[in-house]
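Engineer: Mind having a look at this structure? Questions to follow.
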Amino acid sequence: MTKSFKRYGLLLIFGILFISVNQTAFAKKTRAAPNAKQSTNSSAPQTYLKPYSNTYNESLNFSGEPLPTPNIIENILKTPSPEVIKPNYSSQRYILKKGCGAMSKSIQGFLQNINISDQEFVDSFDRQVPQFLKDLKSQCLPYAASINMNGQIQAFSILNNEKKDISTTLVTLHRSPNTDGFLVDSQVLGTGFEAYLEVIIDLNNLVVYKANQATTSIPPELIWELASLVKELYPKINSNEQHFAKVVYDAGGKNKWAQVISLEILNASQKSILANAFWVEREDLAGGFFSSTGTELEQNFWINPLNYTRISRGVGNVAATSSRPKVVKRGNKNVVVKQYYTGFIGHQGIDFAAPPGTPIYAVANGKIVHYGAWAGYGNLVIIEHPGNYKTYYAHLSAFNPELSVGSEVRRGLEIGYVGSTGHSTGPHLHFEIRKNGVYLNPLSSGLELDLWTLRPVDQDQLTKNMVLFSTLLN
């Protein structure tokens, strides 16, 4: 199915009315984007990342109008979040480090400079990439490492040039899941990043806006995802100070979804990182965001399918009233009346109270496997996600007419609108997460899903993106 970006709902999401597009230390001198005017300075070093370009954005056809949905004046940053205590398992299993380490003639000396010791890793590095540290002229080498609780390196990524130009080599060693020792990946930054773009946004300019009046350098299909990240990270920061968001995204193409790759929230001088998030692509699961400390950021995505007023009902037993006919004698006549009974039934989902017509978004990439009416669910959308997960969106008033069974959808796509169809007493979204057909309670403090767990197999991707897209501080 041809993906259309015309239906991405931008209402209820923050607006970006003033965009500050800067070239940072990450890409101080850049080559022009495709179709853009080339620099007259042919001797300027070229970097693999491009700054945002209107010409480049238009060439990828990101423009479009959203669905005519109700204009509910509510900033996503002020929308309530479900109350859930997150398990603190990520920080207990791995320690993540990143920076720019002082040059050394050996990997053992480099590790000593950054206070890491792992002889097995040193032996493997010397054996598999013996020439990496030869004849380097860089003052320091950008690196990112994941270390388990035994002090062993799980994954290690390093660049041979702090300038991160198109001739820089990225090397990653990560422990093999099936055999002893390390696997090695090597990539020159001049290839594979053609669609990667970088923008810097002033967070103090976030305001509620009407979608057809918005101007933004971020593709509209990424706005919901970016807004959700900022919603989780930004409240932890003093909003009275000026902050910037540095966003790197893959613009995608006809056969590939656009994707936010990294987000860093910087202070006014842009020399201090206050919060960050990095994307990890996974083959067997939906991808996820993690911070440079290993904190999972995915759980909030999976429990925020819309901007809602409140949670009216959660998972568990709830009181329910039912009725059945009963014949009673009134005078000389038998009269049929309803007799009411109160009991408890299991509620397998979360009910989000919201005004009718509120847009509902897919919480993760997947494929639609049901798109229509289904008994008490009313109008129902079921999306199948990698890892045998399914999400249910029930009682909808209407569907996105461009979608159908079999449609591939990405996170943040507007799939329907809040209603009260089926067995419903008022407008709300009934939302469920199931794995292998079993109901889950995503608000439980004891629930630990692989969806938001930093697994050993994911850490090479995380260290790669950390070393590639982290701002190098002076």
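Engineer: Test residue 198 against the criterion of being within 25 Å of residue 408 (Cα to Cα) and either at pLDDT below 90 or among the charged types (D, E, K, R) (or both), and give yes or no.
Structural biologist: It is false that residue 198 is within 25 Å of residue 408 (Cα to Cα) and either at pLDDT below 90 or among the charged types (D, E, K, R) (or both).
Engineer: Let me ask something additional. Can you tell which of 210, 271, 246, 254 is among the basic types (Lys, Arg), more than 27 Å from residue 455 (Cα to Cα) and modelled with pLDDT of 80 or more?
Structural biologist: 254
Engineer: May I ask you to list pairs of residues, at least six apart or on different chains, whose Cβ atoms are under 9 Å apart, with the first in the stretch 284-305 being within 18 Å of residue 463 (Cα to Cα) and β-branched (Val, Ile, Thr) and the second being part of a loop (DSSP other than H, G, I, E, B) and at pLDDT 90 or above?
Structural biologist: Partner pairs satisfying both residue conditions: none exist.
Engineer: Condition check: surrounded by fewer than 24 Cβ atoms within 10 Å (Cβ to Cβ) and more than 30 Å from residue 147 (Cα to Cα). Does residue 404 satisfy that?
Structural biologist: So residue 404 fits the description; yes.
Engineer: Among 363, 369, which is the only one that is of a type outside the set (D, E, K, R), part of a loop (DSSP other than H, G, I, E, B) and at pLDDT 75 or above?
Structural biologist: Only one candidate passes the filter, namely 363.
Engineer: For the stretch 379-409, give me each residue that is assigned to a loop (DSSP other than H, G, I, E, B) and at positive phi.
Structural biologist: Scanning the stretch 379-409 gives 387, 388, 406.
Conditions (1) surrounded by 10 or more Cβ atoms within 10 Å (Cβ to Cβ); (2) under 35 Å from the mean Cα position of the chain (by Cα); (3) assigned to a strand (DSSP E or B); (4) at pLDDT 60 or above, marked per residue:
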site	(1), (2), (3), (4)
311	yes, yes, yes, yes
317	yes, yes, yes, no
326	yes, no, yes, yes
329	no, no, yes, yes
341	no, no, yes, no
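Engineer: Is the stretch 442-450 home to any residue that is surrounded by fewer than 20 Cβ atoms within 10 Å (Cβ to Cβ) and under 15 Å from residue 280 (Cβ atoms)?
Structural biologist: yes
Engineer: Failed condition for residue 416, given (1) modelled with pLDDT of 95 or more; (2) touching a His at 6+ places or on another chain (Cβ under 8 Å); (3) open to solvent by less than 10 Å² (accessible area, probe 1.4 Å); (4) not hydrophobic (A, V, I, L, M, F, W, C), with all others met?
Structural biologist: All conditions pass for residue 416, except number (2).
Engineer: May I pose another question? If I ask for residues that are out of contact with any Phe, Trp or Tyr (no Cβ under 8 Å at 6 or more places or on another chain) and polar (S, T, N, Q), which ones from the stretch 106-142 would you list?
Structural biologist: Within the stretch 106-142, 106, 108, 112, 113, 115, 117, 119, 131, 138, 139 meet the criteria.
Engineer: Continuing with this model, one more query. When the stretch 421-441 is examined, which residues are found to be assigned to a loop (DSSP other than H, G, I, E, B) and either crowded, with 16+ Cβ neighbours inside 10 Å or free of Cβ contacts under 8 Å to residues at least 60 places away in the same chain (or both)?
Structural biologist: 421, 422, 423, 424, 425, 427, 436, 437, 441
Engineer: Another one. Given the options 285, 203, 263, 189, name the one that is more than 28 Å from residue 383 (Cα to Cα), open to solvent by less than 40 Å² (accessible area, probe 1.4 Å) and at pLDDT 90 or above.
Structural biologist: Within the list 285, 203, 263, 189, the selection yields 189.
Engineer: Assess whether residue 89 counts as being over 30 Å from residue 414 (Cβ atoms), modelled with pLDDT under 95, under 24 Å from the mean Cα position of the chain (by Cα) and open to solvent by less than 20 Å² (accessible area, probe 1.4 Å).
Structural biologist: For residue 89, the condition - over 30 Å from residue 414 (Cβ atoms), modelled with pLDDT under 95, under 24 Å from the mean Cα position of the chain (by Cα) and open to solvent by less than 20 Å² (accessible area, probe 1.4 Å) - is met.
Engineer: Being open to solvent by 10 Å² or more (accessible area, probe 1.4 Å) and either among the hydrophobic types (A, V, I, L, M, F, W, C) or modelled with pLDDT under 90 (or both) is true for just one of 156, 132, 121. Which residue is that?
Structural biologist: 132
The values are calculated or read from the model by the stated rules, or taken from the named source; none is laboratory data. This one's a predicted model, so the numbers in the text were calculated from it and none came from an experiment. Here the Cβ is made from the backbone with ideal geometry for all residues, glycine too, and neighbour counts use every protein chain on show. The accessibility values were calculated without ligands, DNA or RNA, using every heavy atom of the protein model including side chains. Shrake-Rupley method; radii C 1.70, N 1.55, O 1.52, S 1.80 Å.
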